[in-house]
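Report on the structure given below.
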Amino acid sequence: MTAPHVRPIDRWFIDEVLPHERAYLDYARRTVRNDEEAGDIVQEVYARLFTLDGWSAILNPPGYVMRMIHNQAIERIRQARVVTMQPMPAPSHLEIADDTPDSFRIVAARVQMERVQTAISNLPDRCRIALVRRRLAEETPRQIASDLGISVSTFEKRLARAVELLTHALTPHERGGEEASDMPAETGMREKVLL
């Protein structure tokens, strides 16, 4: 039995919208003052989300959902022709901004940092020194070239080579025989000589 296919919109919904369900229900309850109706509104908003074409362009999904709940509640009130003079929650409550990264992003950042550190440590010494001193220590090219006893032009070439090798090391490559067959033999040989 194969695992069910998860569409991108499903993954987006699970990651970006669903974790805030309690806040949505609380907001809907405060707006309509009825638990059952609040649940219906939230479910109706979820259903509408799945019909959106531009769902991936939404920058703040929780805020967007809160606005949809607000609009749906107003629409229900209009349909019921019940006019109550109860204050609506302030728009500042609609913004749910949590800048802390989730556990997936933390782990992904750590893995990426390890890849970068490994790639830098695997650079040839001359390239690594040029890259670390210029990009990380932020020393001037003239100062580094003087310390190493080389010309600024030579330093710049080493730095450019370091950036090229680092970019190549961090760029995902396809596994298998396709990559080798697409690359001319001369280019592959030249890469080996330059590394």
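The label-point distance for PHE13 and VAL152, in a model that sets each label 7 Å from Cα toward Cβ, rounds to 5.9 nm. Round to the nearest 0.05 the FRET efficiency obtained for ILE74 and PHE50 when R0 = 35 Å and r is the Cβ-Cβ distance. Taking R0 as 35 Å, the efficiency between ILE74 and PHE50 is 0.95.
Working note: Cα gyration tensor of the stretch 1-51, eigenvalues times five, square-rooted, sorted largest first, giving semi-axes of 26, 11, 9 Å. Each peptide in 30-42, 106-118 gets a packing score, the mean of other Cβ atoms within 10 Å over its residues, and the list from highest to lowest is 30-42, 106-118.
Based on the Cβ-Cβ distance from SER121 to ASP99, what FRET efficiency comes out when R0 is 41 Å, to the nearest 0.05? Efficiency at R0 = 41 Å is approximately 0.85.
Computed extension gain for ALA137 through GLU164, at 0.36 nm per residue and net of the alpha carbon distance, reaches 7.8 nm.
Just so you know, all these numbers are worked out from the coordinates, no wet-lab data involved. Here the structure is a predicted model, which means the values were calculated and not measured. Neighbour counts run over all protein chains shown; Cβ positions are idealised from the backbone, glycine included.
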